[in-house]
1. What order do you get for B:41, B:88 when you list them from fewest to most C-beta neighbours inside 10 Å?
2. How many angstrom lie between the C-alpha centres of segment A:117-160 and segment B:28-96?
3. At 0.890 mPa s and 25 °C, plugging the Kirkwood radius over alpha-carbon pairs of segment B:66-126 into Stokes-Einstein gives what diffusion coefficient in µm²/s?
4. Compute the signed sum of charges (Lys and Arg +1, Asp and Glu -1) over the other residues within less than 15 Å, Cβ to Cβ, of residue B:127.
5. Within 10 Å of each Cβ in A:295-302, how many Cβ atoms from other chains are there, averaged over the peptide?
6. Where does each of A:224, A:93, A:300 land when they are ranked from fewest to most other beta-carbon atoms within 10 angstrom?
7. 5 Å is the cut-off here: which amide hydrogens, built 1.01 Å from N in the peptide plane, fall below it relative to residue A:188, excluding neighbours closer than 5 in sequence?
8. Would you pull out the residues with amide H under 5 Å of residue A:200's amide H, same chain only if 5 or more places away, H placed 1.01 Å from N?
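Where a number appears in this text, it was derived from the coordinates with a stated rule and is not lab data. Only a predicted model underlies this, so the values are computations on that prediction, with no experimental measurement involved. Neighbour counts run over all protein chains shown; Cβ positions are idealised from the backbone, glycine included.
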Amino acid sequence: MASVVAAALAKNNGWVNLDLMEIGANGETAIQSIARQFTDGSGQAVSAAAIQSAGANTSPLGHWAGEEGQQGSTTVNPSEYAVVRQPSAAAAKLAAARIRDATVSPTGADGVTPSSGCIEEATVVAQTSIDTVVGEMHTANGIDSAHTYFAYGNTADSSLDVGIDSGSGWNVSGSVHISNGSGHTNAETWPIGDQFGYKMRSGFLHQKWQYYGCATYYEVKTSKWTLNPDGLVPGSEPADYVHNLDNNCKNNPYYARFYPGQSWSRSSNAFTHFTLGFSVWGFEGGTQSGASTYVQIHYKWNSASSVYYLCGNDDYIANAHRVYAGYG
Amino acid sequence: VLLAALVVAAAAAATTFFLVRPGNPGHGSLVGFEGTMGFGLPLKHVGDRVSVSGPYLVKNNGSQPLVLDRVVPVDAQSGIVLRGDYVLYRPDHLGSWPGYRVPQNGHPLHGATVAPHTRVEIVLGVEVTKRGRHSWQGVRVFYRQGGQTYSHDDHLGVEVCAPPPKNCPTPFD
């Protein structure tokens, strides 16, 4: 494994974020961001120490897995990439030379430098740490607020859209996966009481990059979890209010019953994708949390009622993308 | 537009990246749920039982039918015992329920057939056999398909507490 990849994995809990630059025979150039995790046979991230000790021979340790599925392959899809250079005769000529050079004369494991091509460079032109949606939590009545919570951390676990602007406005071009540690020993935990329904937020560092050399464009990409700002203040963002979806399990085919004193929790990579997870420099990016056990919703019910209800938006609660509360 | 084969990784540092397709030999087609699902279940007395599901749904993603054989707890402590199990071909709304009995529409898990591209609900009967807090971390489902025997693990964790403490957490708390 290349040392630069091993270093990136160590900083991001086994994940590496990459930009794929695809150049068509007609010169059209597109960018798509992808995330890959280096995992062992049981799907757990291979430790940085194990990768370091293995040196170049990391193949026996594990394999690459992607968010698209365990297969790890990526299909370049027009709905998922952003075009940064339109096709033209001149661009096609350059592309043909670059493709030939890349095929014939790779320069080594750490890079491919076409002799007649160009080298893409990038500079950070702005950065800011802002609240970003990491999940949601819903409750009805009968909650034991001392033991009902939404937990995020102690490493991040979110996929965040990447934005590309080559002069015609922002487009989503794939995503990055952020999984760095917070430096805190405990998970970020938001205690929840009765009749709650909000999206939960935490601070992430977003950066605006300017690219130049082969193609010129701007890219908004999330860099790391910062916890600055730290968490949700209920009611601070009216758009975050989603409690109107609760207290209606009686009309939902996917409800489940629980009883006084019981607890139930779930962590999953199947929680919902929020179309608007953050907004920065005019780019509105989506987010999705939970590819590991670092995102958890946890309920405990008191003895105020004889039965309690949860329900899924699109399946039973073990498999649903969203979990609502309350019979209604 | 035909996009050609030049792939340049232009992240923080330029690097090539080879997409590897991992092998997945020897696995059958039973799938459960992603991530973890945990239950914390207070019980009044040693010997009390509770029905646990979620609902816990397992699906046959293959084109051949499969036959369930048995389910066993994974990493179980002493003091918690799986006393019984059954399947429902039409999932009910059982998260967890005090007491355990097999309903009229319940079928023995051993020998239950799961048709291709269908799913069934598994319900577990759990008993606390001594005072205190006792848990398991997951369950392993054994099944047969096409002449082969397979197993599938799900992180369905159960913790039982007897007598009931102020808080009976899940194994994943």
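1. Placing the least packed residue first, the sequence is B:88, B:41.
2. One Cα centre to the other: 31 Å.
3. Translational D for this selection: 194 µm²/s.
4. +4
5. 3
6. Details: A:224 19, A:93 11, A:300 25.
Listing A:224, A:93, A:300 from fewest to most nearby Cβ atoms yields A:93, A:224, A:300.
7. Result for residue A:188 returns A:152, A:153.
8. It is A:134, A:135, A:136, A:137, by chain and number.
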